[in-house]
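Contents: one structure, followed by commentary.
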Amino acid sequence: MTKTIEIRPSGPLHGSIRPPGSKSITNRALICAAMADGRSRLDGVLDSEDTRVMIRALGQLGLNVAHDPARRAIDIIGSGARLPVAEADIFVANSGTTVRFLTAMLATARGTFRLDGTPRMRRRPIHPLLDALAQLGVDARSEENTGCPPVWIYANGLPGGHATVAGDISSQYLSGLLMAAPAADAEVELLVAGELVSEPYIEMTLAVMEAFGVSVRADDLRRFTIPAPLAYRACDYSIEPDASAASYFFAAAAITGGRITVEGLSRHSLQGDVAFCDCLEKMGCRVEYARDSITLTGGPLRGVNVDMNAISDTVQTLSAVALFADGPTLIHNVAHIRHKETDRLAALATELRKFGATVSEGPDRLEITPPSLHADPLPFTGATIDTYDDHRMAMSMALVGLVQPGVVIRDPDCTGKTYPDFFEDLAGLG
């Protein structure tokens, strides 16, 4: 394993790129295809740690899954919600989508199943999902009574009925329940309690379900009615490039004053993270939308005040851009990212200060006051950045090195979680 990588200043970046497929869409499509009747073909799939974890898990559950990484394709023969095995002990690493989506899916099966992960996964909450499943008549428990994995599911089918699910920690609990609900014995009604974070990911879930033949009645993303029992329909499904991954290249153009086109995305993408471009536009960049691409041109950057609740996977990317703005940037309403691969707000505050920024950290916010870029010599400093086994810390902080010399990223291989070729693709633009 490469222990560190140094990023060297590039000058303005110009070019085009098509990032790998969306992790979020890939894992949702895998769940729907696994529960469908018949063979599905997924094209454009992401090959990363998180998707490989999901693929291995489905194989352990007796499903026929053929993955061709070179062609970015998966053929999967669905079980029609009747899993071939009645017990399994599955390792999910630190993949939040895998543990949450599988917990809900396994509740529709019959048998005994255990899901475990890395030490960090054992600190990531899953109790809102377990509470909702209990309301629907499912026996699913936290092994150590911590409200976190390992999780045991003593499955005897999903009876159906009504459940209230908390939405303020992660939208993945609701997404998992939505995708599992068609396999229930009777209609399922889900009510969101409190704030629902990352709403675009719920819209994504509903769109993937629709592609596999299941429609959900959604009332303002607060109440959902899912008809059941109802089978998913196997299909051929194309997965668009990852908008969260695209944010790094948009930010690279912003930071370096370059012009980068990301292919395969549009204003009407399934992924809410394309709205990251709106943040950069407010900071002074120019954005051009085409039918199958988005082009961003950098310009003089100014600080912004922005609610990033709906696009929280790009908070770290915007934080890197904020270092180069004229004036402070306030990012708020993102308390839930403290429960991701690491406490992202605390990690950002620590690492941004290494560059000479002044950072004020609140329960749900960061205020970033950048080093002045107009002094001579530059008051910015190079830094060796800790990544906390968090792929997004590595990719976002690497962007700073496109302008500031001396930026070293520790454990760059952690990007394998969602984007194994990130540093090669970034170098290809430089």
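The values are calculated or read from the model by the stated rules, or taken from the named source; none is laboratory data. None of these values were measured; they are calculated from a predicted model. With ideal geometry, Cβ positions are generated from the backbone for all residues, glycine too; neighbour counts draw on all protein chains shown. The protein model used for the area step is the full one, side chains on, heavy atoms only, and it has no ligands, DNA or RNA in it. Shrake-Rupley method; radii C 1.70, N 1.55, O 1.52, S 1.80 Å.
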(message) Over 18 Å apart: what share of the alpha carbon pairs of the range 344-430 falls there, rounded to a whole percent?
(response) 47 percent
(request) Extending each Cα 7 Å along its Cβ direction at Asp75 and Asp89, get the distance between those two points in nm, one decimal. (result) 3.3 nm
(message) What does DSSP give for the range 223-353 in terms of the percent of beta bridges that are antiparallel, rounded to the nearest 5?
(response) 70 percent
(message) Rounded to the nearest percent, how much of the accessible area of the chain (1.4 Å probe, protein heavy atoms only) is carbon and sulfur?
(response) 47 percent
(message) As I understand it, the value is the acute angle between the Cα axis of helix 243-256 and the longest principal axis of the Cα atoms of the chain; what does it come to in degrees, rounded to 10?
(response) 0 degrees
(request) State the extension gain, in nm to one decimal, for the chain segment bounded by Asp236 and Ala218, taking 0.36 nm per residue of separation less the distance between their alpha-carbons. (result) 4.0 nm
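What does the net charge come to around Glu288 if you take all other residues with beta carbon closer than 14 Å to its beta carbon, with K and R at +1 and D and E at -1?
It works out to a net charge of 0.
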(request) Show the residues, 5+ positions off or on another chain, whose built amide H is closer than 5 Å to the amide H of Asp326. (result) Leu301, Arg302, Gly303
(request) Quick one: angle between helix 344-354 and the longest Cα principal axis of the chain, in degrees between 0 and 90, rounded to 10, please. (result) 20 degrees
(message) Using alpha carbons only, how many angstrom separate the centre of the range 344-413 from the centre of the range 60-76?
(response) 38 Å
(request) Provide the convex hull volume over Cα atoms per residue for the range 85-214, in Å³. (result) 99 Å³
(message) Taking 0.36 nm per residue of sequence separation and subtracting the Cα-Cα distance, how much length would be gained by fully extending the chain between Tyr154 and Ala427, in nm to one decimal?
(response) 93.5 nm
(request) Please find the FRET efficiency linking Asp278 to Asp326, where r is the Cβ-Cβ separation and R0 is fixed at 22 Å, and quote it to the nearest 0.05. (result) 0.70
(request) Specify whether the C-alpha gyration tensor of the range 33-82 places it in the rounded, prolate or oblate class, a ≥ b ≥ c being the square roots of the eigenvalues: rounded for a/c under 1.5, otherwise prolate if a/b is larger than b/c and oblate if not. (result) oblate
(request) Please calculate the 1.4 Å probe accessible area of Arg141, with all protein chains present, and give it to the nearest 10 Å². (result) 120 Å²
(message) Run through the range 47-116 and list the chymotrypsin sites (Phe, Trp or Tyr not before Pro) located in a DSSP loop whose Cβ has at most 10 other Cβ atoms within 10 Å.
(response) none
(request) Whole number in Å², please: accessible area per residue of the chain, 1.4 Å probe, ligands, DNA and RNA not counted. (result) 36 Å²
(message) Would any residue of the range 170-213 have its amide N under 12 Å from a label point 7 Å out along Cα→Cβ of Gln135? List them or say none.
(response) 174, 189-194
(request) Figure the gain on full extension for Arg82 and Asp185 (residue separation times 0.36 nm, minus the Cα-Cα span) and round it to one decimal in nm. (result) 35.8 nm
(request) Give me the distance in nm between label points sitting 7 Å out from Cα along the Cα-to-Cβ direction at His339 and Ser372, one decimal. (result) 4.3 nm
(message) To test your reading of the geometry: what angle, between 0 and 90 degrees and rounded to tens, separates the Cα axis of helix 23-35 from the longest principal axis of the chain?
(response) 10 degrees
(request) Using label points projected 7 Å from each Cα along Cα→Cβ, tell me how many nm separate Glu195 and Thr146, to one decimal. (result) 2.6 nm
(message) So for the chain, averaging the separation of alpha carbon pairs under 8 Å that are six or more residues apart and normalising by length, what relative contact order in percent results?
(response) 18 percent
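What's the tally of Lys pairs in the chain whose alpha-carbon atoms lie under 20 angstrom apart, where the two lysines are 8 or more places apart or on different chains?
For the chain, qualifying lysine pairs total 5.
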